[in-house]
Amino acid sequence: MIEPSSSSSARAERDLRIAELEARLARRRVGVRPVAAMLGIVVSLALLAMQRRELAYVFSPAAPLTLGVEGDYRFDALVSNRYAQVHGIPTARGAYEREGGATFVLVGLRESPFVVRRLALPGEDWVEGRPPPSPDSRPFALRGRLLAQEDAPRYRDALGLLKGMGELQPHEGRLWLLIEGERPGEDRGRVLVALALLAFAVLNAVLLVRGLTRRWSPGA
């Protein structure tokens, strides 16, 4: 009768242990560590929160708020981050800026808290380093995105400059900016980015649950 050698038994036990370790390592290589998954969720939700105002405007009503005309403005209709329309007489002075090779004019409407940002008209040619020309003095109507002064930090300096010229009448201590041409529902790229961030957050949430389940399951 031949007895199995102790070396054969030890080899079989070692092979079994190696197989168990390889299986455990394979399970750990699948997916993402819980800490990394949690970080992915936090980052994606933070980026979504930074875009909340822009996304709210994308899904806001397409029908414009009517703010009235010179001498009959409707201050009760003022709502920030909404599509609106207004008619008025421009102030004698304005502020100019360039963006993407185009020239834009920020000009107020007389006896109102409204400042509009529109493309420069013929005759409003501005050369940087030189005093800007006076804005076109003809009355005009304009539609665009309406923002309360505090919701337009990018234009804080320009609004402060126009306010200091004395031709505007702030309503309850603040001005309102109307940005020409920004219609709700047009910025589809921003919606796609938001959906991608949301999908990334959901994916990381799934990976987080799986990772925690594996970590606390028997034999993990």
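The values are calculated or read from the model by the stated rules, or taken from the named source; none is laboratory data. Predicted model only: the values in this text are computed from it and were never measured. Cβ: placed from backbone, ideal geometry, glycine included. Neighbour counts: every protein chain shown. These accessible areas exclude ligands, DNA and RNA; they are computed on the full protein's heavy atoms, side chains included. Shrake-Rupley method; radii C 1.70, N 1.55, O 1.52, S 1.80 Å.
Quick one: pull the percentage of alpha-carbon pairs in region 124-193 with a separation above 16 Å. Tail of the P(r) past 16 Å holds 66 percent of the pairs.
Each residue of region 125-130 is assigned a 3J(HN,Hα), and the resulting list reads 6, 10, 10, 4, x, 10 Hz, derived from the Karplus form 6.51 cos²θ - 1.76 cosθ + 1.60 (θ = phi - 60°), x at Gly and Pro.
The Cα center of region 30-97 and the Cα center of region 150-166 differ in position by 17 Å.
Accessible surface for region 121-179, divided over its residues, is 60 Å² per residue with a 1.4 Å probe. Taking label positions 7 Å along the Cα-Cβ direction at both residue 60 and residue 102, the computed distance is 1.9 nm, reported to one decimal.
Taken over the alpha carbons of region 68-192 as equal point scatterers, the Debye sum produces base-10 log I(q)/I(0) values at 0.15, 0.17, 0.20 Å⁻¹ of -0.67, -0.86, -1.18.
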